[in-house]
Amino acid sequence: MHKHRTARAWLASLAAAAAAAAFVIAAPPALAAPADAGADKIDRSVLDAARNGDESAFYIVLAEKADLSGARTAKGHEKKATLAYEELTATAASTQRPLRNFLDKHDVSYEPYWIANTIRATSSDVDLIEELASRKDVAQIVPEQSYELDATVVEGSTEAAVDAVSVTAETPVEWGIADIKAEQVWSQYGVDGEGIVIANIDSGVQYDHPALVANYRGNLGDGTFSHDYNWFDPTGVCTTAAPCDNNNHGTHTMGTMVGAGGIGVAPGATWIAAKGCEGRSCTDAYLLLAGQWMLAPTDHNGQNPRPDLSPDIINNSWGGSDDQWFYLDLIKAWNSAGIFEAFAAGNDGDGVTCSTTAAPGGRGDVYGVGAYDANGNIASFSGFGPSPVDGSLRPDITAPGVNVRSAIPGNRYQALNGTSMATPHLAGAVGLLWAEAPSLIGDIEATQALMNDAARDVDDTHCGGTPARNNVWGDGKLDVLAAVDAAPHTRAIITGTATDSATGAVLPNLTVHVTGDGFDRTTTTNASGAYRAVLPAGTYTFELSGYGYAPLVDAGYVVTAGSDATHDLALDTVAHHAVTGIVRDVVGAPLAGVTVALENTPVPAVTTDLQGRYTLPDVAEGTFSLAAAPAAPVLCNGVSRAELIVGADTANDIDLPARTDAAGTSCRPASYSWIKGVSKVAISGDEDAKTIALPFPVSFSGTTFTSTSVTTNGLVNFAAPRIGDYANGALPTATAPNGIIAAYWDDLVIDKKSSVQTATTGTAGARRFAIVWNNAAIADDPGVRLSFEVVFDEKTGDITLQYKDVAGSPLERGSSATIGIENLTGTDALQYSFNEPVVTDGSAITFIGKAA
């Protein structure tokens with residue numbers, strides 16, 4: 001029935017490819033007139049929305065800022081990034097605590113961020129908003145905004161899919177690559193970006209595009225991929241854990257930075273990415289989350305942050321507001337960690353009018369990039385200065401941005417226009433510069449100055465400035481060869497071959513980690529066992545490691561500037577042994593079908609048998625990461641990943657952890673104890689909802705509630721009363737409904753044979769409250785019915801789902817239902833099942849901890 005009448009309309013808007021669109025500039029909203037204490041801190045639009053009764057999101061910007069001076073003066077990327085992360089998170093934790101307590105007390109839904117020390121809240125309470133503004137720890141209250149990806153398609157230029165990309169001496173490069181002289185850097189200096197990690201915050205990336213797959217950091221080199229620490233999608237748009245791009249834009253910009261086949265400026269660099277843009281737009285919440293992840297990448301659960309794995313360079317081809325309050329904080333954080341940022345200056349120009357740049361790239365404290373065409377003319381759309389925000393000279397530099405051919409999803413290529421296309425030329429150029437002059441890595445000011453000084457001047461002062469630096473071209477046209485020529489050449493190229501000490505056989509895929517005097521770089525031996533490292537003058541330690549060989553530490557190697565050298569290294573083999581064990585699920589029962597893999601090794605993965613047993617018969621001595629991943633449906637079983645030390649035949653049993661969401665909520669099978677409903681909830685029919693009072697406060701998604709909404713479609717909704725939610729979906733998704741407990745989310749009917757009831761048991765302090773769906777019918781087949789309930793535990797805060805009257809029908813067991821919980825913003829969830837027949841009669845699932 002109703003489930004088939006929609007396919008989630010929001011997908012249609014996300015499926016649109018990068019169509020012609022102007023760079024949208026939103027005028028900054030005026031501030032509210034000061035009336036009471038703190039009123040001048042509130043953006044007028046926030047108050048207007050509240051006065052209209054609109055439940056809208058806004059940001060509470062705290063006054064306290066992290067002291068990043070220690071990170072700025074530290075040596076080495078890893079040290080700088082770690083210090084910045086520690087200071088930012090510590091400052092946010094200490095200064096946000098009183099404000100979060102206040103929000104909890106007033107039942108306000110919120111999400112905190114540490115990189116800009118802000119909290120996103122949702123409320124329509126004018127008095128509460130004004131009380132927030134009166135607090136000394138609050139600097140501003142500003143509305144949530146969205147910004148545009150700026151790209152214009154050159155019609156008729158899409159090329160058919162390709163199967164592979166190769167680069168030979170005869171491979172032609174794109175006009176922009178030639179114009180900025182990247183090709184000459186490759187040939188004259190022998191560097192192509194190797195050792196540098198470049199990222200974008202964009203619409204995503206097709207990670208396995210032939211032009212990009214080889215240098216994706218998540219490519220393990222054996223046909224498999226690890227997306228942990230290499231990809232982040234806070235939008236929830238991508239349907240799998242792998243990187244996706246629903247708008248062409250992000251794949252295109254990444255191709256210009258690092259793509260193979262003549263499309264990329266630094267094809268030897270490695271790339272990672274974060275999807276900060278849902279489709280054609282980029283919303284504050286996603287940009288903040290992406291910005292945080294860039295400084296401290298996490299695993300796929302959003303856990304175990306690794307600032308040492310942050311990128312060297314971040315490209316940002318988006319914008320559109322004159323007042324992006326948060327991005328200056330992100331840029332300061334990145335820069336303190338030694339991360340170079342590049343921003344598009346905007347596409348709102350007309351070739352004549354001045355002051356048409358847009359923030360962030362249109363601000364004087366952000367490195368902004370304008371665009372020109374293959375004939376050397378400024379692009380008609382390129383934004384001109386002076387900055388409408390602060391009056392500064394804009395842009396900083398210009399780069400190729402018209403008819404720029406690069407990769408797009410589907411293994412295709414397309415030519416696009418935009419300062420979005422110019423900016424990755426600059427980002428890639430910094431990658432080349434840092435690969436050749438590693439002493440500049442992390443020195444943002446020196447790098448910017450070098451790029452500006454090397455740029456080719458263009459005399460156009462009609463918007464102000466000088467022939468050498470003006471508001472049309474900035475410092476001029478990007479010239480990476482001139483920048484590299486002028487760079488401090490304090491380096492040498494060290495090459496070598498890793499071999500087996502006994503046989504002399506070359507050793508591919510070894511990790512070569514080089515450290516010394518704050519310098520930290522990692523590379524890998526190629527198929528011929530060869531490695532290459534561009535190093536500043538100094539004394540270094542080479543650490544080589546790889547499967548089947550004893551780690552080698554070679555300290556005290558001296559590099560002299562200008563003296564390229566060969567440094568060969570030989571490794572010893574180690575003995576091999578068997579590893580055996582049993583894998584058990586979250587309740588301790590042996591589990592069949594679990595894939596057990598020795599990660600990042602050539603050892604074939606195995607699957608547990610019916611008794612949960614596994615055997616890895618031939619494992620080299622060493623220390624490894626052993627992963628155990630349950631087969632679908634995974635239910636409450638998480639992935640185990642633990643250190644395994646092999647020095648002899650080894651027995652290693654594995655207990656799978658409970659799956660968790662990013663907030664730490666876990667689930668596990670529970671003892672069934674059905675609570676019979678007593679009081680009827682006044683909902684019925686196919687689409688109906690009712691807000692009910694809770695007998696005791698319930699904590700959900702970091703917020704305490706005294707009421708919630710119940711729907712006919714098996715949902716408890718804390719964010720808003722909802723109807724029309726007949727089409728269930730996977731969790732999480734930013735699309736409503738959010739803030740839900742999906743007890744059995746399907747298109748259900750409460751008819752004369754059905755009811756929804758509540759009941760409370762126990763005594764104060766230890767009560768249990770149940771919301772019970774009795775004999776609910778599935779709309780697609782009204783003859784299929786089941787009963788289920790949500791039980792809140794006052795003492796523990798746990799939430800339990802229970803099921804009864806479930807027969808063998810797949811529909812009854814959940815083949816078209818979603819079961820799980822999702823936080824109030826749709827950014828985090830713990831999904832138990834999605835369209836899987838996993839429910840059984842007399843079963844129970846408990847979500848443990850503060851839900852979602």
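Quick notes on this structure:
- Every condition in (1) at pLDDT 95 or above; (2) in a strand (DSSP E or B); (3) not small (Gly, Ala, Ser) is met by Thr251 except one, and the failing one is (2).
- Within region 590-610, if we keep just the residues that are in contact with a Ser or Thr (Cβ under 6 Å, 6 or more places away or on another chain) and of a type in the set (Ser, Thr, Tyr), the residue that is farthest from Thr623 (Cα to Cα) turns out to be Thr607.
- Selection from region 543-589 of residues that are touching a Ser or Thr at 6+ places or on another chain (Cβ under 6 Å) and under 27 Å from Pro630 (Cα atoms): Tyr547, Val579, Thr580, Val583
- Tallying residues that are surrounded by fewer than 23 Cβ atoms within 10 Å (Cβ to Cβ), modelled with pLDDT of 95 or more and among the hydroxyl-bearing types (Ser, Thr, Tyr) within region 797-820 yields 2.
- Options Thr490, Thr522, Thr580, Thr560: the member that is exposed (fewer than 15 other Cβ atoms within 10 Å of the Cβ), more than 30 Å from Val603 (Cβ to Cβ) and not acidic (Asp, Glu): Thr560
- Against the criterion of being in contact with a Gly (Cβ under 8 Å, 6 or more places away or on another chain) and at pLDDT below 95, Arg613 does not qualify.
- Residue tally, condition surrounded by fewer than 24 Cβ atoms within 10 Å (Cβ to Cβ), at pLDDT below 95 and touching a strand residue (DSSP E or B) at 6+ places or on another chain (Cβ under 8 Å), over region 352-378: 0
- With respect to the conditions (1) outside any loop (DSSP other than H, G, I, E, B); (2) within 14 Å of the chain's Cα centre (by Cα); (3) surrounded by fewer than 24 Cβ atoms within 10 Å (Cβ to Cβ), Leu328 falls short on a single one, namely (2).
- From the list Val472, Val458, Val484, the lone residue that is touching a helix residue (DSSP H, G or I) at 6+ places or on another chain (Cβ under 7 Å) and either closer than 18 Å to Ala371 by Cβ or among the aliphatic types (A, V, I, L, M) (or both) is Val484.
- Sole residue being within 23 Å of the chain's Cα centre (by Cα) and of a type in the set (A, V, I, L, M, F, W, C), chosen from Ala178, Ala269, Ala182, Ala260: Ala269
- Residue identified as closer than 22 Å to Val480 by Cα and polar (S, T, N, Q) among Ser382, Ser387: Ser382
- Selected residue [part of a strand (DSSP E or B), among the hydrophobic types (A, V, I, L, M, F, W, C) and either over 21 Å from Ala720 (Cα atoms) or out of contact with any helix residue (DSSP H, G or I) (no Cβ under 8 Å at 6 or more places or on another chain) (or both)] from Ala766, Ala807, Ala844: Ala844
- Flag if Val237 is modelled with pLDDT under 95 and buried (at least 20 other Cβ atoms within 10 Å of the Cβ): yes
- Region 353-381, residues that are more than 27 Å from the chain's Cα centre (by Cα), in contact (Cβ under 8 Å) with a residue 60 or more places away in the chain and under 16 Å from Asp459 (Cα atoms): Cys354, Tyr372, Gly376, Ile378
- Among the residues here, Gly765 qualifies as free of Cβ contacts under 8 Å to residues at least 60 places away in the same chain and at positive phi.
For every residue, the table says whether it meets (1) modelled with pLDDT of 95 or more; (2) buried (at least 23 other Cβ atoms within 10 Å of the Cβ); (3) in the same structural domain as Asn347 (by TED's automatic domain parsing); (4) more than 22 Å from Asn215 (Cβ to Cβ).
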site: Ala427; (1), (2), (3), (4): yes, yes, yes, no
site: Asn452; (1), (2), (3), (4): yes, no, yes, yes
site: Val458; (1), (2), (3), (4): yes, no, yes, yes
site: Gly464; (1), (2), (3), (4): yes, no, yes, yes
site: Arg469; (1), (2), (3), (4): yes, no, yes, yes
site: Trp473; (1), (2), (3), (4): yes, yes, yes, yes
site: Gly504; (1), (2), (3), (4): yes, no, no, yes
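Results for (1) at pLDDT below 90; (2) crowded, with 18+ Cβ neighbours inside 10 Å; (3) of a type in the set (Gly, Ala, Ser), shown as yes or no for each residue.
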{"position": "Ser69", "(1), (2), (3)": "no, no, yes"}
{"position": "Glu86", "(1), (2), (3)": "no, no, no"}
{"position": "Leu132", "(1), (2), (3)": "no, yes, no"}
{"position": "Ala139", "(1), (2), (3)": "no, yes, yes"}
{"position": "Tyr147", "(1), (2), (3)": "yes, yes, no"}
{"position": "Ala151", "(1), (2), (3)": "yes, yes, yes"}
{"position": "Val162", "(1), (2), (3)": "yes, no, no"}
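- Filtering region 496-506 for residues that are touching a residue at least 60 places away in the same chain (Cβ under 8 Å) and of a type in the set (A, V, I, L, M) leaves a non-empty set.
- In the condition set (1) closer than 19 Å to Thr760 by Cα; (2) in contact with a Phe, Trp or Tyr (Cβ under 6 Å, 6 or more places away or on another chain), Lys680 is compliant with all but (2).
- Members of region 774-799 found to be more than 11 Å from Leu748 (Cα to Cα) and over 36 Å from the mean Cα position of the chain (by Cα), listed by number: Asn774, Gly783, Ser787
- Flag if Gly193 is more than 24 Å from Gly442 (Cβ to Cβ), assigned by TED's automatic domain parsing to the domain that holds Asp299 and buried (at least 24 other Cβ atoms within 10 Å of the Cβ): no
- Test: Ser709 is under 30 Å from Glu599 (Cβ atoms), among the polar types (S, T, N, Q) and modelled with pLDDT of 90 or more: no
- Residue in region 473-493 that is in contact (Cβ under 8 Å) with a residue 24 or more places away in the chain, under 25 Å from Tyr216 (Cα atoms) and touching a strand residue (DSSP E or B) at 6+ places or on another chain (Cβ under 6 Å) present: yes
The values are calculated or read from the model by the stated rules, or taken from the named source; none is laboratory data. Keep in mind it's a predicted model, so treat the numbers as computed, not measured. Positions of Cβ are backbone-derived with ideal geometry, glycine not excepted, and every protein chain shown enters the neighbour counts.
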